[in-house]
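Report on the following structure.
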Amino acid sequence: MGLTQDEILTRLRENDPEKLAELYRRADAVRAGHVGEEVHLRGLIEFSNICQRSCTYCGLRRENRMLPRYQMSAEEIIAGAGEARARGYGTVVLQSGEDLNMSATWLGDVVRWIKERYGLAVTLSVGERPVEDYRLWRECGADRYLLKSETSDAELLGDLHPPRRSGLPIRPELLGILRDLGYEIGGGVMVGLPGQSVASLARDLELFAELDLDMIGIGPYIPHPGTPLGEAISAAGGGAAGEAPRSDDQAPNSVSMTLKMLSLARLACPEANIPATTALATAQDGGQLLGLKCGANVIMPNLTPRMYRERYEIYPSPWRAEGADGHSAILAAISEAGRAVGQGPGGRRRG
Ligand code: 5AD
C-alpha cells in the first residue's frame with residue numbers, strides 16, 4: 001500500500017522487534033479490511049512427482065534418482081476432490097512436477113469431472129506448458145493457475161532453473177497470458193535462496209503488485225540434501241542459506257524474513273489470497289499461525305494419499321514423513337488466531 005522501494009527495503013532489513021510487530025499489525029489490519037476474517041482452505045492433491053526440469057533447489061528434479069516416481073490415476077484424484085468436498089473445502093489444488101508427457105486432455109477431463117461432480121473451484125499448478133494446454137484446461141473449467149517466479153533476479157533464476165525451454169515466454173509473461181485466458185493467477189517466491197539478495201526481494205514485491213496477482217505464495221527456502229543447491233550448503237558447513245552468504249546482502253531463509261515478505265506482500269496486494277505455507281510450518285512449529293497473523297488468509301491442507309505423499313519431496317519435511325495432513329492442527333491454528341473457516345470457493349474479492 002503505497003510503500004516505496006526504499007521503505008520496503010528498510011522494513012526487510014528491520015530487526016527491531018517493536019518495529020516488526022508494527023509491520024505485522026499493519027499487515028493484519030489490511031488483511032482484515034480487504035479479505036476479512038475467513039481463512040480459506042484449499043485441498044492440495046500432489047498428483048504426480050514426475051518432473052523433467054532440473055531446478056537446483058527442488059527434490060523433484062529429474063536427476064534425483066533416489067526418488068521413486070508416481071502418477072495418481074484420474075479416479076484417485078477425483079476421490080481426493082470428493083474428500084475436499086466432504087470436509088467442506090471450496091477449492092481443490094492439483095499440483096505436479098512438470099511433465100510434458102502428461103496429456104493435456106487427460107488433465108482436462110479430470111478438471112471437468114471434478115467441476116461436474118463436486119462444483120469445487122479448481123486450481124492447477126503443473127508448471128510451464130504450451131498456451132494451448134492452458135486454454136484447454138480453462139475451457140474444461142479450471143479457475144486458477146499457480147506459477148511461482150521463485151525470484152525476480154534473472155541471473156539467479158538462470159542458475160537455479162536450467163535449462164529453459166526455448167521459445168516459451170518467461171513466467172511473468174506466462175502469468176499475463178493465463179490472466180487473459182480468464183484464470184485467477186498466482187505467483188510467489190522462495191525466501192533465502194543462496195545468492196538471493198534482500199534488494200531482489202524488494203523487487204519481487206514490486207512485481208507482485210505490477211502483475212496484480214490474485215494469489216501469492218511465499219515460503220522459506222529449505223535445503224534438500226539430494227539437490228545441487230542443498231549439497232553446496234552442507235559442503236559449506238551451513239544449515240541455512242544465511243550462513244553461507246554469497247553477498248553482503250544475502251537474504252536469510254529465516255522465518256522472520258519470510259514473515260516480513262508475507263506482511264509486505266499483503267500491503268502491496270491488499271486483495272490477494274495469501275497462504276500461510278507448509279514450508280513456513282516446516283521451518284517452525286506453529287509457523288502457519290504466525291503466517292495468519294502477518295497477512296495470510298489461506299491454508300492448503302494436504303489431501304495427497306499417504307502412500308504418495310512421502311514421495312512428493314520438494315524439500316524434506318517431517319510433516320510429509322508422518323503422513324499428517326495437519327487438518328486438526330490447521331483448524332486449531334485458525335481458531336487460535338480468532339478467525340473463521342472460509343465458506344465457498346474463496347476467489348479473489350475485488351473491492
Ligand atoms: N524449499 C522451499 N520451497 C521449495 N519449492 C521447491 N523446492 C523447494 C525448497 N527446497 C517450492 C517452490 C515451488 C513449489 C512447488 O515448491 O516455490 O514453486
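The values are calculated or read from the model by the stated rules, or taken from the named source; none is laboratory data. Only a predicted model underlies this, so the values are computations on that prediction, with no experimental measurement involved. Cβ atoms come from the backbone with ideal geometry, glycine included; neighbour counts cover every protein chain shown. Surface accessibility is based on the protein's heavy atoms, side chains included, excluding ligands, DNA and RNA. Shrake-Rupley method; radii C 1.70, N 1.55, O 1.52, S 1.80 Å.
Put a plus charge on the Cβ of each Lys and Arg, a minus charge on the Cβ of each Asp and Glu, and nothing anywhere else: the dipole of the range 72-170 about its Cα centre is then about 420 debye. Gain on full extension, evaluated as 0.36 nm per residue between Arg350 and Ala232 minus their Cα-Cα distance, stands at 38.1 nm. With all protein chains kept in place, the per residue accessible area of the chain amounts to 40 square angstrom at a probe of 1.4 angstrom.
For Ala74 and Ser54, compute 0.36 nm times the residue count separating them, minus their Cα-Cα distance, and round to one decimal in nm. Computed gain between Ala74 and Ser54 is 4.6 nm.
Let me know the shape class of the range 3-56, please: from the alpha-carbon gyration tensor, a ≥ b ≥ c as square roots of the eigenvalues, rounded when a/c is under 1.5, otherwise prolate if a/b is greater than b/c, or oblate. Oblate. Of Thr282, Thr304, the residue with the largest accessible area leads and the full order is Thr282, Thr304 (1.4 Å probe). Annotation: lysines with alpha-carbon distance below 19 angstrom to Lys260 (same-chain offsets under eight excluded): Lys19, Lys148, Lys293.
Compare Leu264, Leu290 by solvent-accessible area with a 1.4 Å probe and give them largest first, with all protein chains kept in place.
Leu290, Leu264
Rounded to the nearest 20, the Cβ-based charge dipole of the chain about its Cα centre (Lys and Arg +1, Asp and Glu -1) stands at 640 debye.
Shown for the range 43-103 is the translational diffusion coefficient from the Stokes-Einstein equation, using the Kirkwood radius over Cα pairs, a temperature of 20 °C and a viscosity of 1.002 mPa s: 169 µm²/s. Evaluated with a Cβ-only charge set (Lys, Arg +1; Asp, Glu -1), the range 1-44 carries a dipole of roughly 140 debye about its Cα centre, given to the nearest 20.
For the range 263-351, which trypsin sites (Lys or Arg not before Pro) are in a loop by DSSP, counting at most 13 other Cβ atoms within 10 Å?
Arg349, Arg350
Asp214 contributes about 0 Å² of solvent-accessible surface, heavy atoms of the protein only, 1.4 Å probe. Here the range 65-154 has 49 percent of its accessible surface on carbon and sulfur atoms, given a 1.4 Å probe and all protein chains in place. Here is the short version for the chain: Cys51, Cys140, Cys269, Cys294 have no other Cys C-beta closer than 4.7 Å. Counting heavy atoms of the protein chains alone, His34 has an accessible area of about 70 Å² for a 1.4 Å probe.
Using the Cβ-Cβ distance between Ala86 and Glu206 with R0 set to 41 Å, the FRET efficiency works out to roughly 0.50.
Glu336 to Lys19: FRET efficiency via 1/(1 + (r/R0)^6), r the Cβ-Cβ distance, R0 25 Å, to the nearest 0.05? Result of the calculation: an efficiency of 0.50.
For the chain, the spread of Cα coordinates along the three principal axes comes to 51, 44, 40 Å, biggest extent given first.
The 1.4 Å probe gives accessible areas that order Glu206, Glu14, Glu22, largest first, as Glu22, Glu206, Glu14. GNM on the chain, alpha-carbon springs under 10 angstrom: the most fluctuating residue among Ala235, Ala209, Ala265 is Ala235.
Computed in the context of the full set of protein chains, the accessible area of the range 1-59 at 1.4 Å probe radius has 52% of its extent on carbon or sulfur.
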